[in-house]
1. Suppose we filter segment 466-498 for residues that are open to solvent by less than 60 Å² (accessible area, probe 1.4 Å), part of a loop (DSSP other than H, G, I, E, B) and either of a type in the set (Val, Ile, Thr) or closer than 25 Å to residue 65 by Cβ (or both); how many remain?
2. Of all residues in segment 421-443, count the ones that are assigned to a helix (DSSP H, G or I) and either modelled with pLDDT under 95 or not charged (D, E, K, R) (or both).
3. Restricting attention to segment 180-223, which residues are in a helix (DSSP H, G or I), of a type in the set (Gly, Ala, Ser) and open to solvent by less than 20 Å² (accessible area, probe 1.4 Å)?
4. Filter segment 139-176 for residues that are hydroxyl-bearing (Ser, Thr, Tyr), open to solvent by 10 Å² or more (accessible area, probe 1.4 Å) and either touching a strand residue (DSSP E or B) at 6+ places or on another chain (Cβ under 8 Å) or more than 21 Å from residue 236 (Cβ to Cβ) (or both) and give the result.
5. If a residue has to be under 26 Å from residue 219 (Cβ atoms) and either touching a Ser or Thr at 6+ places or on another chain (Cβ under 9 Å) or open to solvent by 10 Å² or more (accessible area, probe 1.4 Å) (or both) to count, how many in segment 238-257 make the cut?
6. Within segment 278-289, can one find any residue that is open to solvent by 70 Å² or more (accessible area, probe 1.4 Å), assigned to a loop (DSSP other than H, G, I, E, B) and free of Cβ contacts under 8 Å to residues at least 60 places away in the same chain?
7. Can residue 79 be described as surrounded by fewer than 24 Cβ atoms within 10 Å (Cβ to Cβ) and either touching a Lys or Arg at 6+ places or on another chain (Cβ under 8 Å) or in a loop (DSSP other than H, G, I, E, B) (or both)?
8. Quick one: which of 62, 55 is outside any loop (DSSP other than H, G, I, E, B) and either open to solvent by less than 10 Å² (accessible area, probe 1.4 Å) or touching a residue at least 60 places away in the same chain (Cβ under 8 Å) (or both)?
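The values are calculated or read from the model by the stated rules, or taken from the named source; none is laboratory data. Small disclaimer: the values here were computed from a predicted structure and weren't measured. Ideal geometry is used to build each Cβ from the backbone, glycine not excepted, and the neighbour counts take in all protein chains shown. The area values use the complete protein model at the heavy-atom level, side chains included, leaving out ligands, DNA and RNA. Shrake-Rupley method; radii C 1.70, N 1.55, O 1.52, S 1.80 Å.
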Amino acid sequence: MKKQIKYIIALSLVLISGVSCKKEYLTPVPQTVVSDATAFDTPERILGNVRSLYFNAKGGSFYAGRYIVYGDIRGEDFINETGNLVTGADVWSLNPTGTSTNSVINLWAQAYFTINLCNVTIEGVAAKGPTVVGATLTNNYLGEARFIRALCYYSLLQYYARPYADGAGSKPGLPLRLTSIKGPGFSDLARSTVAQVYAQIIDDLNFAETNLPLTNASAELNTTRAHRNTAIALKTRVYLSMQNYAAVITEANKIVSASAPFTATNPVTPGPAGVNHALQPVITTIFTTTYNTTESIFSFPMSAASGDNPGTQNQLGFYFLRNGSNPGSAEYSLNPAGIVSDSVFSATSADARKGLVFNNLTNGKRFVNKYQLPSPFLDYAPVIRYSEVLLNLAEALARTNAATADPRGLALLRAVRLRSNPAAATINAATQAQLIAMIMQERRIEFLGEGLRNNDLMRLLQTIPAKGSVPAKAPSDQGYIWPISANEMSLNKLMTDN
């Protein structure tokens, strides 16, 4: 099994001429295994390979399940209810120190499996795409593959490598695999530095921005398949993690207008029109069965088809209890001393985000209420929303304007808060420090249950606060980042552990 995961000998998984992602647009066709030599010989096979990248990135042990869960429970806003190691109790307690623990091995394996599928697809499409589907579609597909590869590498960095802020990216990063592995004997590869991995991520996203379509054929595909603005939006997150605030501003300005109401329809940097992203008037609509609003820049879709959902003990709804009709497993409640102690969640608050938290009157505990479908928990997994782009830009503006509370940064913060709380127009900040603190507070409220808290703590090289019985974890402490997967260590003779 180790060799299958590492060497990716099962190339047929990416050479299936059709893999499901969602509804009629991504309907699976018969799973006919074809050879490496003919896997990209028809338009249908090429499209099937591209679809498979999304399918594997949303695997339960990766982005549509545990990656998001881990990003929340490592922070201070959740309390573990079960003590179950299978469902991340060691991640919550900041103690996944063994290289053979489920979390450490499985997330690494699924992410690198998907990276290899991206590399296989990039090579196959580059070689045969121009004659099979033409230049435009070839570039579109290459852009999608490089977008998914960038998302995978960025995600891995948040757990298995030191933050960029620790030594300006000079610390050991990841094995930077950019060519496909189709058999044994190609696993030995030393770690690139954190800076080198980030440079590749940005290169992939720059390529994707240039080559992806401006918009896809429907609102559904604009949410579930990458387009130009998807790449730009992810770049704002990546540059924020690098503390390159000037670059965050440059990228965000491509899809954020100069003044309120902030939308992507009239950006600061003019150019061809893409998807018209905007905040939704009511935040709760984003987490209903209509997931393809213009605020949802990119999400992973789910369906009841076999294999097209995260599966048992991986689903977001399973971890985050909603209510009696969708009991999940109540793995993680909200820490009463965490962000739900903020006045936003008080009984008298008018903030609509209060409705995204379920109060269990029986035991007095609170739970995330964003994932509302019952078992098999087919809620879409959010990757990036327009509200994040606005807050990324607000923070970058705030951190680059030491003289005062940046006016546009404050306006962006107000836009996100005003959408949910009509009293937000009165909020103010007198200094840079006050504005930054308010933005960071807003991020914890806005993205509760969406997996971003770990990223925010890591990128700022902050101590992970104490919670429940778990003590704080300083950046110098063991367990601040994860060990390297035991499978990688056993198969890659050039690999070093953290």
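1. Residues flagged as open to solvent by less than 60 Å² (accessible area, probe 1.4 Å), part of a loop (DSSP other than H, G, I, E, B) and either of a type in the set (Val, Ile, Thr) or closer than 25 Å to residue 65 by Cβ (or both) within segment 466-498 amount to 7.
2. 15
3. 208 - this is the single residue of segment 180-223 that is in a helix (DSSP H, G or I), of a type in the set (Gly, Ala, Ser) and open to solvent by less than 20 Å² (accessible area, probe 1.4 Å).
4. Scanning segment 139-176 gives 141, 170.
5. Result for segment 238-257: 7.
6. No; the residues of segment 278-289 include none that is open to solvent by 70 Å² or more (accessible area, probe 1.4 Å), assigned to a loop (DSSP other than H, G, I, E, B) and free of Cβ contacts under 8 Å to residues at least 60 places away in the same chain.
7. yes
8. Going through 62, 55 in turn, the sole match is 55.
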